[in-house]
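Here's the structure, in structure tokens; my notes come after.
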Ligand code: AMP
């Protein structure tokens, strides 16, 4: 069985942690565009150098670059066979449209919205101490989320793919809620 998922949620909502549980449950590939970009930065590739400035400022890397990276990645054997969970993508409407176009008829099984209130994610992000987690960058990313990413939730909701999961609670509580919600959509 191929399972194609997107996990959605504000930065700091616990997407990364819950992706590990999804990977362990379904054997899918975890595709995090943030991780891929950070690897490109660390490797000092041309794309990495260009992306670094945007990432440090809390902005969004260009749609064409990101869409190209993801379109390539989802055709690799570990993602094409078992499926994948996309983490941090799509973040804009053009990205959402590009993803559905790339998937064609197969489409997505579900888009999970891991829902954690704004004050809670802000506190979590300020506590995690990542290099690009300056106060300005955190605020810019949360503002960008509301402006550019919120419409993507509506886009998937209109297509009957959106499943909202309460992201408050222990990792185990959230995980069992999440897996139950995904199973209902497979
Ligand atoms: P993340 O680890 O998902 O928080 O991503 C870290 C940074 O990488 C973001 O703040 C963006 O600058 C960039 N990034 C990650 N995914 C995307 C995406 N889908 N579109 C544009 N920029 C992205």
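The values are calculated or read from the model by the stated rules, or taken from the named source; none is laboratory data. Remember, predicted model here, so these are calculated numbers, not experimental data. Positions of Cβ are generated from backbone atoms using ideal geometry, with glycine treated the same way; all protein chains shown enter the neighbour counts.
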Failed item in (1) out of contact with any helix residue (DSSP H, G or I) (no Cβ under 7 Å at 6 or more places or on another chain); (2) within 14 Å of the ligand (Cβ to nearest atom); (3) farther than 24 Å from residue 38 by Cβ, with residue 149 passing the rest: (3)
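Report yes if residue 182 is assigned to a helix (DSSP H, G or I) and in contact with a strand residue (DSSP E or B) (Cβ under 7 Å, 6 or more places away or on another chain), otherwise no.
Values: assigned to a helix (DSSP H, G or I): yes; in contact with a strand residue (DSSP E or B) (Cβ under 7 Å, 6 or more places away or on another chain): yes.
The answer is yes for residue 182.
Can you pull out the residues in the range 67-93 that are crowded, with 16+ Cβ neighbours inside 10 Å and outside any loop (DSSP other than H, G, I, E, B)? Spell out the reasoning first.
Of the residues in the range 67-93, the ones crowded, with 16+ Cβ neighbours inside 10 Å are 67, 69-70, 73-74, 79, 82-92.
67, 69, 70, 73, 79, 83, 84, 85, 86, 87, listed by residue number.
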Which one of the conditions (1) closer than 15 Å to residue 19 by Cα; (2) in a helix (DSSP H, G or I) does residue 112 fail to meet, given that it meets all the rest? (2)
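So that you can scan it fast, the table gives a plain yes or no per residue for (1) surrounded by 11 or more Cβ atoms within 10 Å (Cβ to Cβ); (2) closer than 24 Å to residue 185 by Cβ; (3) within 16 Å of the ligand (Cβ to nearest atom):
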site	(1), (2), (3)
119	no, no, no
125	yes, no, yes
131	no, no, yes
143	yes, no, yes
Of the residues in the range 115-137, those that are modelled with pLDDT of 85 or more, within 11 Å of residue 11 (Cβ to Cβ) and outside any helix (DSSP H, G or I) come to 116
